[in-house]
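Right, one structure below, let's go through it.
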Amino acid sequence: MKTLLLALLFATTAAAQPIVIRGARVIDGRGHVIEDAVVVVEGSKIVRVVNHASALKSVTIDLGDRTILPGGIDTHVHIGWHFDAKDGRSHDDETDRNETPQEAVLYAAESAVRTLDGGITTVQSLGAPVDKPLRDAIARGTLPGPRILTAIEPIFDAKLTPDAMRAAVDKLAAEGADVVKVFASQSIRNGGGPTMSQEQMDAICGQARTHRLRVAVHAHGPESVRRAVFAGCTSIEHGALIGQPELDLMAEHGTYFDPNIDLVFRNYFENKSHYLGIGNYTEEGFAQMKMAVPKALHVFKLAIATPRLKTVFGTDAVAGSHGRNFQELEYRVVNGGQSPMDAITSATSLAAESLGLGDRVGTIAAGYEADLIAVDGNPLHDINALSHVSFVMKAGVRR
């Protein structure tokens, strides 16, 4: 018995020891670089960040010439979308899968693992019922995966009255949603026209505020964006067909902009056979997406040049793209002209702020969650280093 007690005491003491992680540099998520740095972690938290790490003799994990960054934050994914092993087709929250709930949640769990291993430690999934049990299992530590915020089910029925819209928001709040997702325009495959009136948007966003819920709005064109901004919604998703007036309006009102300009399109084109023939995934729909690519890139270039506009990192990751999230960020730098530091900040502290998590994640500093990744090389010199994630820690637990 005495031997057992000593063993338990030793295990407890060992578990309480700080983890000291050294890298060639730390990019803190807020635009600063610390050379030859160590990050000290106790439990799930960062307790210290120190430069001149060579003076420290107690390094636990030496990452050599790698760069340490905050775990990535993707503000727009669909974690449950997957290709079915039986027929290879895309299955999402709107498709008749002909699969059990158990199969659906296991597919979602697979996507979560891929996402975490790709360096993304927090996601906002917009959204499907399968997100909720997955969110809760990951939060319990039962399953590996990124921290998940979910909309559970989007509001999309434009025939609902404003009162019915408020009731829909109340239902989501009661079910434990972290955010409200609204389809205020058609899909880009259908032209992207507005679907919700100003009165409907006012009802949704106003009711969400009574529950302290954010509202993420699918909106492609000018009118749908204007209605969402005037209603006080939190973020605009996509916005591929807007121009400078709408970008200025978002900046004026403090609305976050999440443009999703590359990975979602690229993934659809690469996996066309898995999607074609499902819903609006038609030849015409794919042609519409092809035409949207240069438009979306143009809007992004305007966005990053718009003073005070808060452009965050989101991918709209669906089946085929989970774990590839940082490819979007690389495209923004290489093709969109964004500086590597601004791109990294958009995927860390700014993304965290947009999700209401700015005091918890997205920054490497004392008191923040120990969500850390390391990449080979220096992404400030070569943004493609983000494709080479070689270390992942979430809340102090190493993958």
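The values are calculated or read from the model by the stated rules, or taken from the named source; none is laboratory data. What you are looking at is a predicted structure, and each value in this text was computed from that prediction instead of being measured. All Cβ positions, glycine included, derive from the backbone under ideal geometry; neighbour counts span all protein chains shown. Quick note on the areas: whole protein, heavy atoms, side chains included, nothing else; ligands and nucleic acids left out. Shrake-Rupley method; radii C 1.70, N 1.55, O 1.52, S 1.80 Å.
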* To do: Work out the FRET efficiency for Ser390 and Thr100 from their Cβ-Cβ distance, taking R0 = 41 Å, and round it to the nearest 0.05.
  => 0.70
* **Within segment 28-67: backbone nitrogen closer than 11 Å to the Ala366 label point (7 Å, Cα to C-beta)** => 47-50
* Asked: Rounded, prolate or oblate: which fits segment 73-218, taking a ≥ b ≥ c as square roots of the Cα gyration tensor eigenvalues, rounded meaning a/c under 1.5, else prolate when a/b beats b/c?
  -> prolate
* Nearby lysines by direct alpha-carbon distance to Lys310 (threshold 23 angstrom, same-chain neighbours under 8 apart not counted) -> Lys181, Lys295, Lys301
* Rounded if a/c is under 1.5, else prolate if a/b beats b/c, else oblate: with a ≥ b ≥ c from the C-alpha gyration tensor eigenvalues square-rooted, which is segment 228-387? -> oblate
* **Probe 1.4 Å, protein heavy atoms only - accessible area per residue of segment 140-234 in square angstrom** => 41
* In debye to the nearest 20, how big a dipole does segment 263-396 give about its Cα centre with +1 on each Lys and Arg Cβ and -1 on each Asp and Glu Cβ? -> 300
* To do: Putting +1 on Lys and Arg Cβ atoms and -1 on Asp and Glu Cβ atoms, find which of Ala231, Asn51, Gly145 reaches farthest to the positive end of the dipole of the chain.
  => Asn51
* Can you pull the one-decimal nm distance between simple spin-label points at Asp62 and Glu110, each 7 Å off the Cα toward Cβ? => 4.0
* 14 Å Cα-Cα reach of Lys57 towards aspartates and glutamates, excluding residues that sit fewer than 8 places from it in its own chain -> Asp36
* To do: Roll a 1.4 Å probe over the protein chains and send me the accessible area per residue for segment 292-399 in Å².
  => 35
* With all protein chains present, how much of the accessible area of segment 122-255 (probe radius 1.4 Å) comes from carbon and sulfur, to the nearest whole percent? -> 54
* At most 16 other Cβ atoms within 10 Å plus a DSSP loop assignment makes a site exposed; report the longest stretch of the chain without any exposed GluC sites (Glu not before Pro). => 100-399
* With no solvent and one equal point scatterer placed on each C-alpha of the chain, evaluate the Debye formula and give log10 I(q)/I(0) for q = 0.06, 0.08, 0.15 Å⁻¹, two decimals. => -0.24, -0.42, -1.39
* Helix-derived [θ] at 222 nm for the chain: sum -39500 (n - 2.57) over DSSP H runs of at least 4, divide by residue count, nearest 500? -> -11000 deg cm²/dmol
* **Whole-angstrom gap from segment 35-75 to segment 82-144, using each part's C-alpha centre** => 31
